[in-house]
1. Out of all the residues in the range 213-249, which are at pLDDT below 95 and aromatic (F, W, Y)?
2. Looking at E153, E178, E163, which is the one that is assigned by TED's automatic domain parsing to the domain that holds E235, surrounded by fewer than 18 Cβ atoms within 10 Å (Cβ to Cβ) and more than 19 Å from the chain's Cα centre (by Cα)?
3. When you go through (1) in a loop (DSSP other than H, G, I, E, B); (2) among the β-branched types (V, I, T); (3) within 18 Å of the chain's Cα centre (by Cα) one by one for V214, which number turns out not to apply?
4. Which residue, of A204, A232, is among the small types (G, A, S) and touching a strand residue (DSSP E or B) at 6+ places or on another chain (Cβ under 8 Å)?
5. Exactly one of these conditions fails for Q266: (1) outside any helix (DSSP H, G or I); (2) surrounded by 13 or more Cβ atoms within 10 Å (Cβ to Cβ). Give me its number.
6. Might you let me know whether the range 155-168 holds any residue that is of a type in the set (D, E) and under 20 Å from M236 (Cβ atoms)?
7. Can you tell me which residues in the range 290-313 are of a type in the set (V, I, T), touching a helix residue (DSSP H, G or I) at 6+ places or on another chain (Cβ under 7 Å) and free of Cβ contacts under 8 Å to residues at least 60 places away in the same chain?
8. Here are E248, E209, E205: which of them is acidic (D, E), assigned by TED's automatic domain parsing to the domain that holds S312 and farther than 28 Å from G149 by Cβ?
Amino acid sequence: MSDIYPQNDGSAQAAGDVTDGGPEAAVSRETATGGYTVRTAADMAGFDVDIADEDTPLARATENTLLARNVGRSRAPLGRPASTRIVVIANQKGGVGKTTSTVNLAASLAQLGQRVLVIDLDPQGNASTALNVDHRRGTPSTYDMLVDGQSIEEVVTVSSEHERLWVVPATIDLAGAEIELVSVVARESRLRKAILAHPWVGGAEAGEERFDFVLIDCPPSLGLLTLNALVAGDEMLIPIQAEYYALEGLGQLLETVELVRANLNQDLRISAILITMYDARTRLSSGVADEVRAHFGEQVLGTAIPRSVRVSEAPSYAQTVMTYDPASPGALSYLEAAREFALRGATS
């Protein structure tokens, strides 16, 4: 097992066919003496990262989480931006990796020493699930912030994913927000007002506790919720799936961005394009990637996110892939994409 990033599949150990002593050698010492001890997550909390291979799957999963957090603390942090970067992650096409990219980039940035706030604007609440925060109906959420005018301080919660990661969750109540906001004055700027009112958003005046990044996860539409995000943001990151259909709706999204810039938020700019679900074995993926790079040039991040089962599995355990399997290609790719995105903003 690696000292830094262990694999989490456990397949070889479970099969018991790769140890020096054969299947018998994979049996724990407790079992060999007639006893059997199962370590729980609570038992593991006091352990260092050196855990035996024969432990339970729960123990291995807990070990990965502890490793990711410990390595994140020991990793040399990136320089903090001069002021809070408010980033909208949007694409009106569903299934291109918006939420997956939001939560994994947020966790990666936190591991790189940044203080990150995630605002979940999708009524499905998938980002809230992946970041392991409560989003049952009645939970203080983005609905209360947008419709009832509550402050971010009243609805924010710390994610168990990382101590430098905060979340404003989304509940199913948010599905009715667009109808309820129709008659509200300045309805398209309510999110921006809430973000800028937070004492941890801004430049040097916000102090050392300021958020370095605010990431806004948008629903797969160009409705009033997404419009609020576009008005609130300074930057936009667009995830594009490496398939042809993902390109078809891109023109409409870019038109919407231009309309927002012309009428509501002239500071909004597309700072990054992230290619997701990339499969290097297919000509289709490479063709789509080449076309995106030819059209957008340097806006496209050099790191593409590969198609990965681990990335898809992680939310079912209320985790990002950064703690679910930190050695997986998906986790390493998101970490590198986050580093590239952070450094790109620092030099732009």
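The values are calculated or read from the model by the stated rules, or taken from the named source; none is laboratory data. Just so it is clear, the structure is predicted and the values come from calculations on it, not from any experiment. Methodologically, a virtual Cβ is constructed for each residue, glycine included, from the backbone with ideal geometry; neighbour enumeration extends over all protein chains shown.
1. Hits for the range 213-249 are Y244, Y245.
2. E153
3. Among (1) in a loop (DSSP other than H, G, I, E, B); (2) among the β-branched types (V, I, T); (3) within 18 Å of the chain's Cα centre (by Cα), V214 violates only (1).
4. Of the residues listed, the single one that is among the small types (G, A, S) and touching a strand residue (DSSP E or B) at 6+ places or on another chain (Cβ under 8 Å) is A232.
5. All conditions are met except number (2).
6. In the first step, residues of the range 155-168 are kept if they are of a type in the set (D, E); the result is 161, 163.
Narrowing the set further to residues that are under 20 Å from M236 (Cβ atoms) leaves none.
Taking every residue of the range 155-168 in turn, none turns out to be of a type in the set (D, E) and under 20 Å from M236 (Cβ atoms).
7. Those that are of a type in the set (V, I, T), touching a helix residue (DSSP H, G or I) at 6+ places or on another chain (Cβ under 7 Å) and free of Cβ contacts under 8 Å to residues at least 60 places away in the same chain: V300, T303.
8. The unique qualifying residue is E248.
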